[in-house]
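Down below is the structure, laid out as structure tokens.
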Amino acid sequence: MKKYHIETLALHAGQVPDPTTQACAVPVYRTTAFNFKSTEHAANLFGLKEFGNIYARLMNPTNDVLEQRLAELEGGAAALSLSSGTAAIFFAVTNILKQGDEMVAANNLYGGSYTQFDSLLPQYGINVRFTPVNDFNAVEKAINEKTKAIYIEAMGNPVLDFADIKEYSKLAKKYNLPLIVDSTFTPPTLLRPIEHGANIVIHSLSKWIGGHGVGIGGIVIDAGTFDWKDPKFTLYNEPDGGYHGLRFAHDLGEMNSLAFILRLRIVGLRNQGPTLAPDAAWQFIQGVETLALRVKQHSENALKVAQFLSNHPKVDWVRYPGLESDPSYPLASKYLKGGFGGMVVFGIKGGSEAGKKLVDNIELFSHLANVGDAKSLILHPASTSHAQLSDEAQRASGLIPELIRLSIGLEHIDDIIEALDDALNGKEL
Ligand SMILES: *Cc1c(COP(=O)(O)O)cnc(C)c1O
């Protein structure tokens, strides 16, 4: 098949005109189940001898377009959509690890991921060892015979430290571990982690991929590059009692390279049910169509905001990976193409209290806990999204109490800057 550019794939990949109606847009298949053509057809579908639709907990043609499109955008082999980014993370991790296993993760993760790993996974007997991002000695020390995966965010939330994906990938290869990358802050028009050695890529679709703040969803993309035959991956090498003794690393024939994503569908979706509704999948498809344009504009606006804030007398410090003075700049400029993303974080003189006042005063920006909307958003993470973390975990992840997080939207840049300037010059500050 012709190798199209990412802007083209975002509009066309995974879709053929609807065979019944010739509809141009992807239809929403609002159905719970699909008719079998015959008892033989039904048996083949259940026996994985033939691919096709059975029941909408497991697959839906609308979701299928989204999955194929994201797999192509990321340069992966296949993908699976789930009901949220959080579900995508949980089911991806527990599709590899079971009781007694361990994972090594960077410590600068999205607050919800950190909490899931730190306090929920231990309830399943899974232990996560957190190491400072890009501290490869610490990563190597944390790896032992129980370790089954390495987990990072390409650009950490909220401090925007950039992970050296290639170096993580080298260690993952050395110890024969899959590298999982949450790339939510770096959509595929900026970064394709698989090109740098990631085996599994995760997105919260709720953010830039959807792009309009209208729905919750997640997706897991499998590069199809990891060989699960090492007996330490017991979930892939021992017969699965839930699927008449299938050994996922061995018994899938030509599809052995897709063992991870097939298992995620067959065990994750089928037996645990975190399905993405087709209406939400359809909304995310609309978002994907304009992803390249939006991300470019988000990045352009965010850079201008970062430059404006850097020169503002009321501002103490600014972090944006696209500022040449930023500690993330060397890695971000090595990995990112065509922009540095839409996130800017900063602290103002007067610390945490002044920061909260700014959030209360600012116009135009929506004060809420989300990122990646077309609108500009503002949040004080230490008292909200990351408040459930202990002071120690906050400090370890680099979260400074006065940090204010901006997700820069698509409004006219002059209006965005004026709103920030007015709020910074407000009487209370
Ligand atoms: C929002 C977010 C998630 C969680 O996704 P939901 O769709 O909200 O469940 C995971 N990782 C990162 C980096 C996020 O920003």
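The values are calculated or read from the model by the stated rules, or taken from the named source; none is laboratory data. Because the structure is a prediction, the values reported are computed rather than measured. For neighbour counting, all protein chains shown are included, and Cβ atoms are generated from backbone atoms with ideal geometry for every residue, glycine included.
For (1) without any contact (Cβ under 8 Å) to a residue 24 or more places away in the chain; (2) touching a helix residue (DSSP H, G or I) at 6+ places or on another chain (Cβ under 8 Å); (3) not β-branched (V, I, T), each residue gets a yes or a no:
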position: L291; (1), (2), (3): no, yes, yes
position: Q297; (1), (2), (3): no, no, yes
position: E324; (1), (2), (3): yes, no, yes
position: P327; (1), (2), (3): no, no, yes
position: P330; (1), (2), (3): yes, no, yes
position: G342; (1), (2), (3): no, yes, yes
Test result for F185, crowded, with 24+ Cβ neighbours inside 10 Å, more than 10 Å from the ligand (Cβ to nearest atom), on the phi < 0 side of the Ramachandran plot and modelled with pLDDT of 95 or more:
no
Just need a number here: residues in the stretch 142-198 that are charged (D, E, K, R), in contact (Cβ under 8 Å) with a residue 40 or more places away in the chain, over 18 Å from G76 (Cβ atoms) and outside any strand (DSSP E or B).
4
From the set of residues in the stretch 386-411 that are out of contact with any Phe, Trp or Tyr (no Cβ under 7 Å at 6 or more places or on another chain) and assigned to a helix (DSSP H, G or I), which is surrounded by the most Cβ atoms within 10 Å (Cβ to Cβ)?
Q394
Might you check whether a residue that is more than 17 Å from F284 (Cα to Cα) and assigned by TED's automatic domain parsing to the domain that holds L109 occurs anywhere in the stretch 209-223?
yes
Residues in the stretch 252-268: is at least one within 16 Å of the ligand (Cβ to nearest atom) and under 30 Å from S376 (Cβ atoms)?
no
The stretch 351-390, subset touching a residue at least 24 places away in the same chain (Cβ under 8 Å) and of a type in the set (S, T, N, Q), residue farthest from the ligand (Cβ to nearest atom)
N361
Check on P132, at negative phi, in contact with a strand residue (DSSP E or B) (Cβ under 9 Å, 6 or more places away or on another chain), within 16 Å of the ligand (Cβ to nearest atom) and in contact (Cβ under 8 Å) with a residue 40 or more places away in the chain:
no
Residues of the stretch 346-355 being buried (at least 16 other Cβ atoms within 10 Å of the Cβ) and over 16 Å from P313 (Cα atoms), which ones?
S352
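Would you point out the residue of the stretch 228-245, among those that are touching a residue at least 40 places away in the same chain (Cβ under 8 Å) and surrounded by fewer than 24 Cβ atoms within 10 Å (Cβ to Cβ), that is nearest to the ligand (Cβ to nearest atom)?
The first filter runs over the stretch 228-245 and keeps only residues touching a residue at least 40 places away in the same chain (Cβ under 8 Å), leaving 230, 232-235.
Add one more test, that the residue is surrounded by fewer than 24 Cβ atoms within 10 Å (Cβ to Cβ), and what stays is 230, 232, 234-235.
Details: D230: 28, K232: 27, T234: 27, L235: 23 Å.
Of everything passing the filter in the stretch 228-245, L235 is nearest to the ligand (Cβ to nearest atom).
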Any idea which of (1) more than 16 Å from the ligand (Cβ to nearest atom); (2) buried (at least 24 other Cβ atoms within 10 Å of the Cβ); (3) part of a loop (DSSP other than H, G, I, E, B) is the one N108 doesn't satisfy?
(1)
